[in-house]
Each structure stands twice: as C-alpha cells, then as structure tokens.
Amino acid sequence: MEIKDEIVAALKILGDPVAEADPGPERWSSWIREVEAYSQTFLDLTRKGPAWWPTESGHVGPSFHLQEDAVPLAAIMEECRSRIDFRGLNPASGGHLGYIPGGGMPAAALGDLLAAVTNRYAGIHFANPGAVELEHFLVHWVADLFGLPSSAGGTLTSGGSIASLVAITAARDASGEPPSRWMDMVIYGTAHQHHCLDKALRIAGLGFSKRRDVPMDEGFRMRPDVLVAMIQEDMAEGLHPFLLLASAGTTDTGAVDPLHALADIAHAYGLWFHVDAAYGGFFRLLPEFDPVFAGLERADSIVADPHKGLFLPYGTGAVVVREIKHLLHSHAYEAAYMQDAYRDPETLSPADLSPELTRHFRGLRMYFSMKMNGLSVIRRLLKQKILLARWFYHAIREAGFETLMEPALSVVVFRWPARDEEVDQWNARLVDRVREDGRVFLSSTRIGGRVWIRLAVLSFRTTLEHLEATMEVLKRQRDLALSTH
Ligand SMILES: *Cc1c(COP(=O)(O)O)cnc(C)c1O
C-alpha cells in the first residue's frame, strides 16, 4: 500500500498533462480557426503569388528550437510564415512547372487532418478493418485502371521510390535465385529510367547485378529490337536475364516505352516486367491514351504516384503487382507480440505487403480528394494539362526555340538554339533568370550530354495564364541576354 500511495503522490506532482495536451472543445475550435485563417492566406498567395520566393544567399538557414513551456499556436504559425512557407519553391503553385509538379488538393488536406485526429491504424486489418479495407479498395481501383487481373493487389506507400523498392524486392524474391547468383542476373532499362530504380536495386542487394542501358529511338522510347539482341547475347554468355524496367512517362521527356512489344519480350524470355508509371500512370484516366498505354495490363508490377497524377499532397505513392502473393512472399512475417492480429488469416494487411508496419493512413486523403472532387474533375484537370503542354509546345516553337520532340504527355523539352559552343551555358543561365523572376519555376536536364530546359505541367492549379506568363518571361530574358551579348 505504502508504495502505491507514494506513486499516487508522484502522479499528483505531475499535474494534469493529459488535459494540457488534449485541448477540449473550445481550445480545439480556436486552433482550427487559426489554422483555417493561415491556410486561407497561404492559398490566396498561392493562387496569385509567385512560384519561387527568393532564398537568402549565404544564409545557413534559420534555427529552430524547443523549450519546456508551451508556445501559442500563433507564434508557431508565424515561424511557418517567416521561415518555411515563403522561401524557395512553392510546389502548390500553378507556376510550378519544373521536375514533376505535384498537387496539394485542399480536399485531401481534410482527409489528412482527420486521419491524424482519429489515428486509425492502417497497418493491420484486425486493428482497424475500415481503414485497411479503404486502402485495399483504392489499390484495387488503381490495379483495375491499369487493367491488371483480379489476382492483383498492392499497397499505398510514401511515394514512388519506396513503391519501386517494394516492386524490385518482389521481382528479386520471385526469381527464386540465391544471393550467390545475383551477380549474374541482368536488368534491362534505359538511360532515362528514374534514378530511384537504381537506388532500389542497390538497396535490394542487386547493385552488383548486370545493368544494361537499352538504346532509345528518336522519341526516347526503349528499342525492343535491340533489347532482344542484348538478352540473347547475355544468355549466350551464361548470364541470367531477369528484370525489364520500362517507363510509362519518363521524368526527362515524358516518353512512354512501347509496352506491348516489351511485354512480349519479357514473356518470351521469362523476365519480370516492371513499369514505372510514377509520373504518367494516371493519364490512363484519359481514353485518348489507350493506345499509348496498351500493354501496361501485362506488367508484373507497376508504380504510380497519386502525389503526381492525382494531385495529392506529397507522401502518396502506390505499387500494384499482378500476383499479390509475390508481395506476401517478400513482406509477410509473424511475430509473437502480434499474435492477436492473426486471428483472420484471410484478410490481407498492408503490413504484410511492404516494409512498413505502423504507417500513415494515407488512403483517407486519397479518398477525400477523389470523392469530394469526383473523377470528372480529375479527368478534366489531366486533359487540361495535356492541352496546356501542347499549347506551350507550339508557342515556344513560334518564338524561335528548338524543341526535342512533340510532347508525349505533359512534358515539353526545349532550348534556345545559341551557337554550339555556348548553347549549354546559355540555356542553363536562362533557367536561372526565369527562376529569379519568380512567377514560374522551370528546371533543366541533360539529354545526350547537352543542357535542355524542361517544362512539366502537372500542378492542378496550372492554367493557360501560367503558360502565357512563362512565354513572356522566356522571351524577355532571351531578348535581354541577346541584347547584352
Ligand atoms: C517522381 C518519379 C519517381 C520517384 O517517385 P517519388 O514519389 O519522388 O519517390 C520515379 N519515377 C518517375 C518516372 C518519377 O517521375
């Protein structure tokens, strides 16, 4: 008894930290109102403000600190305002036309808020069946969109990189080859495949496997004829061709590989056929691209990024595999402390399908956004981005710029045709000038070793006005550079 009384006394000294941490109805309402006001200001500036806010040069960055006493919400939001949200790139802006822009659909933010408040456990079916069923439903919607059979399944991840790791691991394990053979396994891709695939291969222990860059055609698509020749050569040398990495929308140019022809080859030679559709996948929602994506339904695994083509906030990727058993093979483990969760072995849990156990309930943001917007809005946004990229392609050519190719999806690659010895420097400088102007944000890349400027349209807020502004800035900066030359 004595010891229990001492403990009770010690508990009293703590005060009531639960009441301090759990705000109660009035404080919660006032927090939400303050966040609402902040988000209104942010959204207002995002709609009419720049895509790039200057970053202080030579500044090592602001210092954050923690202290013992609670800090009012207003002070923390002031830190967000002065130190976080108005420096550098605004990825929520319609003027974000670099890399692969994402979204930040406000409807999704409501799902995130509720997922954090309710804290559903989306890792294990036994714990929160509704959360897990919703994520399975969304994953199956993605698998159906890509035409995979009913044996398919998958999981929502933090993004395309982790989704790729899940797919690569499944491919490796499905090969049944022991590590002693991995050095002789051959992986085929192109020089334009996303670097996250090389990262995933390395993490999965395949960093020393043979990697072949298959040449591309004039549209930057993998050449099936050369692929066949390379596979046959490797087989003749006693190597084990095992994995084919295709792209449905490369980051550099938006090119979609000839998926049907590649699927034929993968099938004929027993290769696992992976398609990286992180950027391009959700253009599958537009029937006009049926011919472009034909063959996607024959993939063994596909990665798509809802935080790109479904305009969701960052932190939403997806991987689907043709046979769900391959994900279970790689990821289903049992642990004694989890025994209560195994009562219903028929029910799949996300924890058995990826490296994650406890995880964000990311399905809720996806569901909120897709339900509150309706598929029609998402389809029209995607169609709008395609049309805007085509508009820009014609406008930039009319202005005398050189283009690499007709846009396959919503990426346009172009440059100013300066004299050969200075064309790289010229265009790199032009991108810097456009960023300094701030209204829009473009990025550059190297193709065939030369600098090209990329414009990628996939922010849901991008409209014709942003592209008109881009043309205006590009022409002005070009004229300034030409006149001072
Ligand atoms: C963005 C992208 C990735 C990587 O996905 P993250 O979500 O950034 O991890 C992979 N492949 C392609 C083609 C991409 O555009």
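No value in this document is a laboratory result; all are computed from the given coordinates. Predicted model, so just to flag it, every value in this text is computed and none were measured. Cβ: placed from backbone, ideal geometry, glycine included. Neighbour counts: every protein chain shown.
Other residues whose C-beta falls under 14 angstrom from the C-beta of Tyr99 contribute a net charge of +1, scoring Lys and Arg +1 and Asp and Glu -1.
Where does the charge balance sit around Ala395 when Lys and Arg score +1, Asp and Glu -1, over other residues with C-beta under 11 Å from its C-beta? Combined, the nearby Lys, Arg, Asp and Glu give 0. One Cα centroid belongs to the range 350-405, the other to the range 458-485; the line between them spans 22 Å. Which lysines, on any chain, are close to Lys325 with Cα under 26 Å apart, when same-chain ones fewer than 8 places away are left out? Partners within reach: Lys199.
Ordering of 174-186, 277-289, 235-247 by packing is 277-289, 235-247, 174-186, highest average first (other Cβ atoms within 10 Å, averaged per residue). The packing ranking, built from the mean of other Cβ atoms within 10 Å per residue, places the peptides 148-161, 202-215, 306-319, 9-22 in the order 306-319, 148-161, 202-215, 9-22, highest first. Distances between placed amide hydrogens fall under 5 Å for Ala127 paired with no residue 5 or more residues away or on another chain. Take the Cβ atoms of Glu26 and Arg83, set R0 to 45 Å, and the FRET efficiency comes out at 0.95. For the range 121-360, the relative contact order works out to 29 percent when only alpha carbon pairs closer than 8 Å and six or more residues apart are counted. Site pair Glu398 and Leu285 shows an inter-label distance of 3.0 nm when each label is modelled 7 Å from Cα along Cα→Cβ.
For a straight C-alpha distance cut-off of 16 angstrom, the aspartates and glutamates reachable from Lys308 (same-chain residues fewer than eight places away being disregarded) are Asp252, Asp276.
The calculated FRET efficiency for Glu334 paired with Leu114, based on their beta-carbon distance and R0 = 41 Å, is about 0.85.
At q = 0.16, 0.18, 0.19 Å⁻¹ the log10 of I(q)/I(0) for the range 207-303 amounts to -0.65, -0.81, -0.90, computed by Debye summation with a single uniform scatterer per C-alpha, solvent ignored. Long hydrophobic helices in the chain: the complete DSSP H runs spanning 30 Å or more by Cα along their own axis with mean Kyte-Doolittle hydropathy of at least -0.5 are 363-398. Cβ-Cβ distance of Lys383 and Arg450, R₀ of 25 Å, FRET efficiency by 1/(1 + (r/R0)^6): the value works out to about 0.20. Within a straight-line Cα-Cα reach of under 15 Å, Lys371 can be paired with the following aspartates and glutamates, leaving aside sequence neighbours fewer than 8 residues apart in one chain: Asp112, Glu135.
Each residue, Glu56 and Arg433, gets one label point 7 Å from its Cα in the Cβ direction; the gap between the two is 2.9 nm. The mean of 1/r over all distinct Cα pairs in the range 5-69, once inverted, gives the Kirkwood hydrodynamic radius of 16.8 Å.
Our Cα-only numbers for the chain put the radius of gyration and Dmax at 25.3, 90 Å. Over all distinct Cα-Cα pairs of the range 121-360, the Kirkwood formula returns a hydrodynamic radius of 18.1 Å. Only helices enter the 222 nm calculation for the chain: every DSSP H run of n ≥ 4 contributes -39,500 (n - 2.57), and dividing by all residues gives -14000 deg cm²/dmol, rounded to 500. So which GluC sites (Glu not before Pro) in the range 443-477 are both in a DSSP loop and have at most 11 other Cβ atoms within 10 Å of their Cβ? Here no loop site has a sparse enough neighbourhood.
Look at the alpha carbon pairs under 8 Å that are at least 6 residues apart: their mean separation over the length of the chain gives a relative contact order of 22 percent.
Pairs of Cα atoms in the range 42-163 fall into 10 Å distance bins, from 0 up to the last occupied one, in shares of 10, 25, 30, 25, 9, 1 percent.
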